[in-house]
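First up is the structure itself, then whatever we jot down about it.
The values are calculated or read from the model by the stated rules, or taken from the named source; none is laboratory data. Note that this is a predicted model, so its numbers are computed, not measured. Positions of Cβ are generated from backbone atoms using ideal geometry, with glycine treated the same way; all protein chains shown enter the neighbour counts.
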Amino acid sequence: MALLIRNGEIVTSSDRYQADLYCEKETISQIGKNLQVPAGTQVIDAAGKYVFPGFIDPHVHIYLPFMGTFAKDTYSTASKAALIGGTTTFIDMCVASRDEEPASAFATWQSQSVGKSACDYTYHMGVSRFDEKIERQLRALVNEGMASFKVFLAYKGAFGIHDDELFKTLRLAKELGVITCAHCENETLISELQQKLLTEGKIGPEWHHESRPPQVEADGVHHLCTFAEMHDAVVYIVHLSCQEALHQALAARSRGVRVSIETLIQYLLLDKSWAEKPNFEGAKYVMSPPLRDAKNQEIFWKALQSRLIDTVATDHCPFDFATQKTMGSDNFTKIPNGIPALEDRVNLLFTYGVKTGKIDLNRFVDIASTQAAKLFGLFPKKGTIQIGSDADLVIYAPDSPSVISATTQSVNNDYSGFEGFPLAGRPEFVTVRGEIAVADFKFTGVYGRGQLLRREPSHF
Ligand code: URP
Ligand code: ZN
Ligand code: ZN
């Protein structure tokens with residue numbers, strides 16, 4: 001059914017203006033004042049509300065076999081959580097382990113997602129091994145629209161890639177014009193430091209940070225950027241967490257390396273003291289790279305507003321406290337890594353970024369939607385409000401306070417890393433290609449309506 005959104009304040013990464021939006025056949029077909037529309041058109045009155053393009057989370061783990069267990073969400077629970085929080089598209093990491101192949105990983109991820117998601121999604125294709133067969137499969141998958149790769153410099157033996165394979169992956173990425181996302185940490189340093197700490201009897205979650213200090217991440221970033229430079233390949237550093245790593249990425253950028261930078265909402269609002277909570281509570285806050293010293297947060301907010309950092313994602317990866325985080329109760333290296341945030345990223349960024357004046361509204365849209373669309377081949381179908389774009393829209397109530405709680409979240413987990421955090425605003429209505437999926441703050445979407453988005457290579 002056609003939809004009119006009237007009287008809202010439209011906010012994109014570059015503009016702010018009052019106008020009506022008319023959506024037909026899944027896309028935005030008119031933008032203007034006092035639009036006259038056919039009788040029977042569904043109408044949302046957005047007076048006093050912002051109208052944002054649907055938000056995009058470029059780094060989530062929905063289906064993920066990892067560290068001896070599985071991330072807890074399904075495409076149904078995750079897409080509901082995403083939509084309630086204003087995210088209308090997410091990009092999952094489709095990661096084969098080292099003994100698997102990308103084609104079979106793609107089939108597995110499809111078996112988890114098709115018919116289940118209420119919002120649109122796509123995959124970064126993990127490369128955890130590289131040989132001729134895998135190269136053929138990657139070429140075929142890029143042809144099918146999976147136009148981005150993901151490599152891990154950490155997690156050797158699971159997803160981690162060897163240096164000669166990294167070299168060949170980036171060469172292929174350059175040839176095909178795809179961007180390569182990378183988890184940057186020096187694996188050798190991590191395993192040596194982990195062994196040292198365990199030998200000293202340092203087994204609790206509070207030691208996770210000491211096993212992966214900032215230098216370990218900075219070294220990983222330098223390593224990736226050096227390899228990218230050899231091919232003039234385009235790279236995207238996922239979950240950058242600290243000033244030391246930021247300096248390495250910016251140094252590479254200043255010498256011409258084509259590198260984009262993602263940070264996470266967790267690093268902006270939580271610090272390493274959360275992982276030091278007593279009674280193993282800190283395990284809820286174990287992720288990699290680890291939560292850092294609080295001094296990094298101000299630096300990162302400024303880097304976001306000044307466009308040094310490109311995107312804010314979540315690396316959403318829920319593991320419950322009761323049965324999964326406790327797998328590491330006597331050894332922090334066995335705590336499944338991850339802090340979920342898909343449902344809350346947009347509201348947290350709005351509350352603690354926009355409302356506090358750390359970022360402006362346009363930049364908020366940019367870092368949480370538009371930049372991801374541009375980097376990953378979704379723009380202007382996604383990531384903006386213009387005629388012809390998908391009618392993925394967030395009608396946002398800026399003064400609608402709430403408090404985050406695991407008891408009310410849609411994410412399938414027994415805790416929230418942001419428990420008790422007050423929120424200033426939230427999405428009142430959300431549309432997915434013109435259909436209302438959140439109304440009056442409640443999920444009304446349709447599981448299975450979400451589509452796999454096919455993307456063209458665009459980084460030659
Ligand atoms: O701790 C994290 N980040 N868990 C998810 C896997 C990854 O490294 O992205
Ligand atoms: Zn990672
Ligand atoms: Zn991740």
Point to revise | Residue count for the stretch 191-234, restricted to those that are under 24 Å from the mean Cα position of the chain (by Cα) and aliphatic (A, V, I, L, M) | key: 7
Study note, to complete from the structure: Residues in the stretch 246-266 that are within 14 Å of ligand 1 (Cβ to nearest atom) and touching a residue at least 60 places away in the same chain (Cβ under 8 Å) total 4
Point to revise | Pairs, first more than 24 Å from residue 350 (Cβ to Cβ) in the stretch 41-69, second within 16 Å of ligand 1 (Cβ to nearest atom) and at pLDDT 95 or above, C-beta under 6 Å, six or more apart | key: 63/109; 64/71; 67/336; 69/324; 69/336
Study note, to complete from the structure: Among residues of the stretch 269-295 being in contact with an Asp or Glu (Cβ under 8 Å, 6 or more places away or on another chain) and assigned to a helix (DSSP H, G or I), the residue surrounded by the fewest Cβ atoms within 10 Å (Cβ to Cβ) is 276
Review point. For the stretch 67-181, list the helices (runs of 4 or more DSSP H) that sit wholly inside it and hold at least 2 residues that are among the hydrophobic types (A, V, I, L, M, F, W, C) and farther than 17 Å from residue 313 by Cα; which are they?
Key: 102-113, 132-143, 163-176
Point to revise | Residue list for the stretch 411-455, filter: part of a loop (DSSP other than H, G, I, E, B), more than 21 Å from residue 285 (Cβ to Cβ) and of a type in the set (S, T, N, Q) | key: 444, 451
Exercise for review: Taking the options 300, 319, name whichever one is away from ligand 1 (no atom under 16 Å from the Cβ) and touching a residue at least 24 places away in the same chain (Cβ under 8 Å).
Suggested key: 300
Practice item. Scan the stretch 221-268 residue by residue and report those that are of a type outside the set (A, V, I, L, M), more than 14 Å from ligand 3 (Cβ to nearest atom), within 20 Å of residue 292 (Cα to Cα) and in a helix (DSSP H, G or I). Key: 222, 243, 244, 247, 248
Review point. Hey, any hits in the stretch 226-238 for a residue that's over 19 Å from residue 375 (Cα atoms), modelled with pLDDT of 95 or more and within 14 Å of ligand 1 (Cβ to nearest atom)?
Key: no
Check your understanding: Within the stretch 320-330, is even one residue surrounded by 24 or more Cβ atoms within 10 Å (Cβ to Cβ) and touching a Gly at 6+ places or on another chain (Cβ under 9 Å)?
Key -> no
Review point. Can you find even one residue in the stretch 74-85 that is within 19 Å of the chain's Cα centre (by Cα), among the polar types (S, T, N, Q), closer than 21 Å to residue 410 by Cβ and buried (at least 24 other Cβ atoms within 10 Å of the Cβ)?
Key: yes
Practice item. Go through the stretch 46-77 and count every residue that is within 13 Å of ligand 3 (Cβ to nearest atom) and within 29 Å of residue 4 (Cα to Cα). Key: 2
Check your understanding: Looking at 370, 333, 351, which one is assigned to a helix (DSSP H, G or I) and within 16 Å of ligand 2 (Cβ to nearest atom)?
Key -> 333
Review point. Does residue 458 satisfy being at pLDDT below 95, part of a loop (DSSP other than H, G, I, E, B), on the phi < 0 side of the Ramachandran plot and surrounded by fewer than 20 Cβ atoms within 10 Å (Cβ to Cβ)?
Key: yes
